[in-house]
Amino acid sequence: MTVKQKHYLLFLFLIIPVVAYQNCADNMIPEHNTTAELSSGSDAFSTTLFPVLRTNCSECHGVFQQPMFAVSDPSQALATITDRGLANLNNPSASTFVLKIRGGHSGKNVVIADQIEAAITAWAEQSN
Ligand code: HEC
C-alpha cells in the first residue's frame, strides 16, 4: 500500500463516522444529503474531463507514462490531476493540460486542447 493510499484510507475512517452520525441526527433536514455533496466534485470530473482524457491520452498516461492521469479508475485519475495541479478550475485555458497539448505533444491534434479546455470549464461549473 502506498503512502497516498494510506492517507486515503485514513480519510475514509475519519469521514465515515461523521457521515453516519449526521444521518442519525433527529433534527436533520430530510433532503440534506451529505454523502452526495462530498462526492459531487468527483462525479463532475468523471462525466466531463475524464472521458476526454481516457479517449485521447490513456494509451500512454493510462498504462505506463507518468503522470498516470488517464487510468480506468476516475478517482485515481482525479487524485493524480489534483496532486500535480494539471487542471486549473479557476482559469481552464491556463491548465497544464491545455498548454501542453496546445504547444504540441505526442502528435496530438491541437483541437484536443479545445476539447480539454471545454471539459475543464464544464467541470468547474458543475463543481460550484
Ligand atoms: C504516445 C504517448 C503519449 C500520449 C498519447 C500522450 N502523452 Fe502526455 N506525455 C508523454 C510523455 C513521453 C511525457 C513526458 C515527456 C514530456 O513531458 O513531454 C508526457 C508528459 C505529459 C505531461 C507533463 C506532465 C507535467 O507534469 O508537466 C502532460 C500534462 C501530458 N503529457 C498531457 C497529455 C495529454 C493531456 C494527453 C492526451 C490529450 C497526452 N499527454 C497524451 C507521452 C504521451
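Nothing in this text is a laboratory measurement; each read-out follows from the coordinates by a stated rule. Keep in mind the model is a prediction, meaning the values are calculated, not measured. Positions of Cβ are backbone-derived with ideal geometry, glycine not excepted, and every protein chain shown enters the neighbour counts.
When 1/r is averaged over all different Cα pairs and the result inverted, which Kirkwood radius in Å belongs to the stretch 32-127?
Values: mean 1/r = 0.0746 Å⁻¹.
Kirkwood hydrodynamic radius for the stretch 32-127: 13.4 Å.
In the neighborhood of Ser58, defined by Cβ-to-Cβ distances under 15 Å, what is the net charge if each Lys or Arg adds +1 and each Asp or Glu adds -1? Present the calculation step by step, with values, prior to reporting the outcome.
Numbers: positive: Arg54, Lys108; negative: Glu59, Asp73.
So the surrounding residues net to 0.
Hey, rough spin-label estimate for Ser72 and Asn90, points 7 angstrom out along Cα→Cβ, what's it come to in nanometres?
The modelled label-to-label distance comes out at 3.7 nm.
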